[in-house]
Amino acid sequence: MSATLLSLRDLSLEFSLFGRRAYVLNRVSLDVPEARHVALVGESGCGKSVTMRAIMGLLRSPPARITGGEILFDGRDLLTMSAPEREALRGVAMSMVFQDPMTSLNPVFSVGDQMGSILKYADRRLGRARSKAERMTRVYEVLRQVRMPDPERIALAYPFMLSGGMRQRVLIAMALLNETRLLIADEPGTALDVTTQAQILKLLQDLVAERHLALLMITHNLGVVRASANYVYVMYAGSVVEHGPTAALFANPRHPYTRALIDCVPKLSGRTTFRGIEGTLPDYAAPPPGCRFAPRCPHATSVCATPPPDLAVGGAHGVSCWLEAEKAA
Amino acid sequence: MADQTLQAPFVAPARLTTGQQNWRRFSSNPTAVIGAAIVVLVVLAAIFAPYLAPYPTHAGEIVNFRARHHPPSLQYWFGTDDVGRDIFSRVLFGYRVSLILAIVVLGIAVPLGTTLGLLAGYFGGWIEIIIMRLTDIALGIPPLVMALAVSSILSPNLINAMLAISILWWTWHTRLIYSITRTLRGQEFVEAARTLGASPFHILFREILPNCVSAISVKVSLDAGFVILIGATLSFLGLGVQPPTPDLGTMVASGANFLPDNWWESILPGFAILFVTLGFNLLGDGLRDLFDVEEVR
Amino acid sequence: MEFLFFLIRRVLWSLLVLVGLSMVIFIIARVVPGDPARMALGPRASQEQVETLRKSMGLDLPIIEQYARFVGGLAHGDLGTSFLTKRSVNADISETFAATLELVITTVLIAFAVGVPLGVAAAHWKDGWADNCVRLFAILGAVTPSFFLALLLQVLAGYVLHVLPTTGRLPPGMAFQPDITGLLLIDSLIKGRLDVLGEALRHLLLPAVALAMATTGQIARITRSSMIDVAKQDYIEASRAFGIPTRVRLFKYMLRPSFVPPLTIMGLEFASLIGNAFVVELVFAWPGMAAYGVRTIMQKDLNAIMGVVMISGLFFVCANLLVDLIVGFVDPRVRIQGAR
C-alpha cells in the first residue's frame, strides 16, 4: 500500500459575495496516495476547482473562508501553516497543471525564462545556490521528460510559437521542475483535440509510474477517468457522494447521481437518444439541508433532508446515501 | 418521490422601465451626479447670465476705474479686473461663449464624423479606404497647432476659432463610429434587415445608429469639456473671442499680467474653466459607467 | 524580419501622413488667404512692397509649382523662407527647437516615471484610497487647462514659496552654450559643468510638471486598467501556483504585458502635448518653438507658420514611430509576427 500523501478531512468552505454567503464545500474528504492516479469528477460548478485551489492555497481569503476540516500534506495540516510556509510548498512539493494551455503561459516571456524563474525562486526559498547555466540544464532535462524534442530551441521560444499540445507539455514540465510529489491536473487536455489529449494523459500516467507522483486529476470526462484513474471521487454540489476504485465504481455505481452520470455518457451500442439529468445545481447560498442531490433525485424521501451517512459498499468503495443505509439496515 | 418542496416559492420581482433602471444606476454614482449637477449649473448660469450676474453691464464696454483691482469681497465676489469690471459677472457671461463654442463645434463634428464613420464601416471597400485614410492623416496632426495656424490666417474671432477646432474634431467621431459599425455589420440583426429588403439608408440610420447612441453620448459629454479647454487655450493666446466680449481664456491671459499680487483676476477665471470641464468630464465618465461602454476614450 | 517589414510599413505610412499634412497646410496658408504677401506686410505697406515680396517669395508662380517647390524643399529639410526675417525658417527654428525638445522629453520621462507606478499602485490596491486618489489625480490632470496649471505653479512655487525659478532655462547671469546636442542636461554633463546642470534642472522642473500633469494622469489610468485586465489572466494565477513571489509577479510578470497600452496612449498623447507645450513655454518664457510660433502667427508670417506646422507634424510622427519601436521591444508577438 502506498503512503497517503494528501488527505482532505471534512473540508468545508464558504464564499462571501455581496453580503451573501455561499456554502460551496460541504465536508469534503479525499485521499491521494503516492504513485497513484486519483480522479475527482463532477459537473461544472460542483466545486472541484474550488477544492483544487483550496489545496494549493490559491483562494483569496476574503471572499473565501474555510469553515472546517483539515488538509493534510505529508502529515502536516496546510491550514495551520503560515502563508510563507505554504508558498514554499507551491511549485516545489505540490504543483498544479493548468487547464487551458493557450492562456496559462505569459505571452511576453520565453518558455526558458519562465521556467528558469520558477527554479530561481524555489532555489532561493530552499537555500540552494545554482547558477543560471545549472538551472537551464535542469529546464532542458525536464522538457525531455515530457517528451519535448529539441529542448534548447523550445526554451528560447515564446508561447505563441508553440502548438496547444506543446504548451500543455510545457505546463506539465513547469510542474515537474522541482521535486514535486503531488501533481494536481485541472481538466488536462480538454482544451486540445482528442488525439493530443490522449497523448497528454498517457504522459501523465507514465510520470506517475516513473516518478512515484501522486496525481489528483480534476475532470468532468468520465471516459478519461475510466481509462486511466486508479481511484475515483464523485462530487456533487460541494459534497463527495461516492468514491471507490475505478473498476468497482463503474461496475457497481451505488449513488443515484453516479448512476445518472454514467448513464448520460453516449455509448456506441444501446440507447440512441441523449439523456440528461433533470434539474440544476442548488443555490449554494441556500443549499438543501441534508443531501444536496435530493431535489433532483428520483428516489428521494423525507429522510434525505438530513445529512446522509458515509457507508462502505465493499472494499475501498464508499457512498454517502440514505438508500444505501436502508439497504444495509 | 420528493414530498417536501426544498426550494423557495418563486416570486416575480417588480419590473422597472429601462429609463427608471438607468436613472437609478446613474444616481447611485456620486461623481456622475456631481458632474451632471455642475453641467446643469453652468448651463443655467450661462442662459440666465443677465439675470444672475450682479453687474450685468460689466460684460460689455464699461470702465470703472475707481473699482480697479479690488480683491474678492462681498461686493465683488470674484474681485474686479484692471478696468474695474466685476469678474464674477464676466465669468457668467464667459460661460456663454464656452458653451456656444462647444455646441457649434460638436454640432458640426458629430454629424459629420458619425456619417462618415457609418459609411466607412458599413460599405467597406474603397469608401472605407478613402475615408479612413483621410481620417488617419487628420489624426496625425496635432489639433492645437492646426487650430493656431487656421486662426492666424483668418482673423481671430469666435467663429473662426470654432472653425479651426471643427476641422480636426470630426475625426475622432469617425473613428469611433467606424469601429462600432464594423462590429455591428456582421451581426444578425443587420443581416435580417438586409434579407427583408431594407435599404442601406434604413439599415444605417434606423438599425446601426441607435446602437451607437450610448457611445456617442459618452463621447459628446467628454468632448464638450475638451472643446471648451482648447477654445480657452486659443483665446488665452489671443486667437479667439476679442475683447470686450468676456471669455474665460482671455480673462486668464489679461489677468496674468497682474500676477501674483492681483491673483484673482487670472486664477478665478481659470478655476471657472476647470469647473465646467470637470463637470463634463465627470458626466461623461458617469455615462460611460452607466452604459458600460468600453471603446470610448 | 517581420518586425522590419512592420516598421517599414509604418515609416511609409508616416510619410503619407506628412505629405497629407503638407497639402492641408499649404492649402490653408497659400490658397485660402487672398494674398499671403499682403497679409504679412499688413494693410499699410505700399502695393510696390507687396509686389516685391510676392516676386521674391515666388508667390506669383502657379499654385502647383509653388506646392512642388514647397514639397521639394521639405524633402531636403528646407522649411522655407520667412516672409519677415528673410532668413530660412530652419535657422529660426533650430535655435529654439532644442529647448522644446528638452522640455518634451523631460515631460514624457516624468509621465512614465510617475504615471506607471501610480497605475500599478492603483491596480494593486483596487478600490482602496490609493486607487481613488489616482483616479482623482487623473481627472484633475485631464480637466485643468495647461496654461492655468502653469500659472498656478508659477505663482505657488515661484512667488509664494520662492523655491523655484519661474522663467527661462538658466538664470540670467549664467552663460553656457549647449553646442553639442542642444540639450542643456546632456551637454552640461558632458562638459562637466555640474553647476549648470543643477540650474538647468531647477528651471526645467516647473514647466515640465505643468506639461506632464495631464499625460501622467492618463498614463496612470491606462496602466491601472491594463494591469487589472492582466491580473485576471490565467497565466498570472499560474505564476502564483508555481511559487513566484508577489513582488516579482507584480513588477515583472504583470507589468511587462500591461506595458503596451500605456505606450500606445503616449503616442496619441503627443498630439495634445505638442499643443500644450506652446502655452506652457509662453507662460514660463521658455525659449522654445512656442515663442517663435506665436510670433509668426501674430505677424501672419505664413511661410514660417507652414514650417512650424510641418515640424510639429514631423515631431508627432517620429514620436509615434518611436512608440512602435518600443512596443516591438516589449511585446515579442509584435517583434516576431509584425502584429499583435
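The values are calculated or read from the model by the stated rules, or taken from the named source; none is laboratory data. All values reported here derive from a predicted model rather than from experimental measurement. All Cβ positions, glycine included, derive from the backbone under ideal geometry; neighbour counts span all protein chains shown.
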Collect the residues in the range B:245-297 that are of a type in the set (Asp, Glu) and within 20 Å of the chain's Cα centre (by Cα), keeping them in residue-number order.
B:Asp247, B:Asp285, B:Asp289, B:Asp292, B:Glu294, B:Glu295
Has the range C:19-35 got any residue that is farther than 21 Å from B:Ser152 by Cα and touching a residue at least 40 places away in the same chain (Cβ under 8 Å)?
yes
Taking the range B:194-247 and the residues there that are of a type in the set (Asp, Glu) and farther than 18 Å from B:Gly270 by Cβ, the one that is nearest to the other protein chains (Cβ to nearest Cβ) would be B:Asp223
Output the qualifying pairs, or none if there are none: Cβ atoms under 8 angstrom, residues six or more apart or on different chains, first residue in the range C:188-205 and at negative phi, second residue assigned to a helix (DSSP H, G or I) and surrounded by fewer than 14 Cβ atoms within 10 Å (Cβ to Cβ).
C:Ser188/C:Leu194
For B:Thr250, work out the one condition from (1) in a loop (DSSP other than H, G, I, E, B); (2) closer than 26 Å to B:Leu222 by Cα; (3) more than 8 Å from chain C (Cβ to nearest Cβ) it doesn't fulfil.
(1)
Among the residues in the range A:13-21, are any of a type outside the set (Phe, Trp, Tyr) and under 18 Å from A:Leu183 (Cβ atoms)?
no
Among the residues of the range B:255-269, is any among the hydroxyl-bearing types (Ser, Thr, Tyr), surrounded by 21 or more Cβ atoms within 10 Å (Cβ to Cβ), in contact with a helix residue (DSSP H, G or I) (Cβ under 8 Å, 6 or more places away or on another chain) and part of a helix (DSSP H, G or I)?
yes
Quickly run through the range B:215-231 and pick out the residues that are among the small types (Gly, Ala, Ser) and modelled with pLDDT of 90 or more.
B:Ser221, B:Ala224, B:Gly225
Taking the range B:26-42 and keeping only residues that are surrounded by fewer than 15 Cβ atoms within 10 Å (Cβ to Cβ) and modelled with pLDDT of 90 or more, one is left with B:Ala37, B:Val40, B:Leu41
Which one is surrounded by the fewest Cβ atoms within 10 Å (Cβ to Cβ) among residues in the range C:131-153 that are among the β-branched types (Val, Ile, Thr) and in a helix (DSSP H, G or I)?
C:Ile139
It is to be established whether one or more residues within the range A:119-131 are facing another protein chain (nearest Cβ under 9 Å), out of contact with any Asp or Glu (no Cβ under 9 Å at 6 or more places or on another chain) and buried (at least 22 other Cβ atoms within 10 Å of the Cβ).
yes
Filtered residues of the range C:284-340 (kept if within 8 Å of another protein chain (Cβ to nearest Cβ), under 22 Å from C:Tyr253 (Cα atoms) and touching a Lys or Arg at 6+ places or on another chain (Cβ under 9 Å)):
C:Val330, C:Asp331, C:Arg333
Examine the range B:123-136 for a residue that is part of a loop (DSSP other than H, G, I, E, B), within 14 Å of chain C (Cβ to nearest Cβ), closer than 30 Å to C:Phe315 by Cβ and of a type outside the set (S, T, N, Q), and state whether such a residue exists.
no
Test B:Ile167 against the stated conditions and say whether it is β-branched (Val, Ile, Thr), assigned to a loop (DSSP other than H, G, I, E, B) and farther than 22 Å from B:Ala215 by Cβ.
no
Condition set more than 11 Å from chain C (Cβ to nearest Cβ) and either surrounded by fewer than 22 Cβ atoms within 10 Å (Cβ to Cβ) or in contact with a helix residue (DSSP H, G or I) (Cβ under 7 Å, 6 or more places away or on another chain) (or both), scope the range A:177-190, selection farthest from A:Thr4 (Cα to Cα): answer is A:Thr190
Looking at (1) within 14 Å of chain C (Cβ to nearest Cβ); (2) surrounded by 17 or more Cβ atoms within 10 Å (Cβ to Cβ); (3) part of a helix (DSSP H, G or I), which is the only condition B:Ile141 fails?
(3)
Boolean, C:Leu118 is assigned to a helix (DSSP H, G or I), more than 12 Å from every other protein chain (Cβ to nearest Cβ) and within 26 Å of C:Ala319 (Cβ to Cβ)
yes
Of the conditions (1) touching a residue at least 60 places away in the same chain (Cβ under 8 Å); (2) within 9 Å of another protein chain (Cβ to nearest Cβ), the single one that C:Ser272 does not satisfy is (1)
For the range C:1-109, which fully contained helices (runs of 4 or more DSSP H) count at least 1 residues that are within 14 Å of chain B (Cβ to nearest Cβ)?
C:2-26, C:36-41
Taking the range B:72-114 and keeping only residues that are in a loop (DSSP other than H, G, I, E, B) and touching a helix residue (DSSP H, G or I) at 6+ places or on another chain (Cβ under 8 Å), one is left with B:Pro72, B:Tyr76, B:Trp77, B:Phe78, B:Gly79, B:Asp81, B:Asp82, B:Val83, B:Gly84, B:Arg85
Give the range C:275-321 a look and list any residue that's within 25 Å of C:Gln218 (Cα to Cα), buried (at least 24 other Cβ atoms within 10 Å of the Cβ) and among the β-branched types (Val, Ile, Thr), or say none.
C:Val279, C:Val280, C:Val283
Scan of the range C:204-243 for residues that are surrounded by 24 or more Cβ atoms within 10 Å (Cβ to Cβ), β-branched (Val, Ile, Thr) and within 14 Å of chain A (Cβ to nearest Cβ), ordered by number
none
Of the residues that make up the range B:172-194, is at least one under 23 Å from B:Leu237 (Cβ atoms) and either under 25 Å from the mean Cα position of the chain (by Cα) or part of a helix (DSSP H, G or I) (or both)?
yes
Being under 21 Å from C:Lys232 (Cβ atoms), hydrophobic (A, V, I, L, M, F, W, C) and out of contact with any Leu (no Cβ under 7 Å at 6 or more places or on another chain) is true for just one of A:Leu79, A:Leu58. Which residue is that?
A:Leu58
Need at least 3 residues that are free of Cβ contacts under 8 Å to residues at least 24 places away in the same chain and surrounded by fewer than 22 Cβ atoms within 10 Å (Cβ to Cβ) per element, so show me which helices (runs of 4 or more DSSP H) inside the range A:198-297 make the cut, counting only ones lying wholly within it.
A:256-264
Filter result for the condition that a residue is in contact (Cβ under 8 Å) with a residue 60 or more places away in the chain, more than 14 Å from chain C (Cβ to nearest Cβ) and not hydrophobic (A, V, I, L, M, F, W, C), over B:Thr181, B:Thr115
B:Thr181
Tally, over the range A:88-105, of residues that are facing another protein chain (nearest Cβ under 7 Å) and among the aliphatic types (A, V, I, L, M):
3
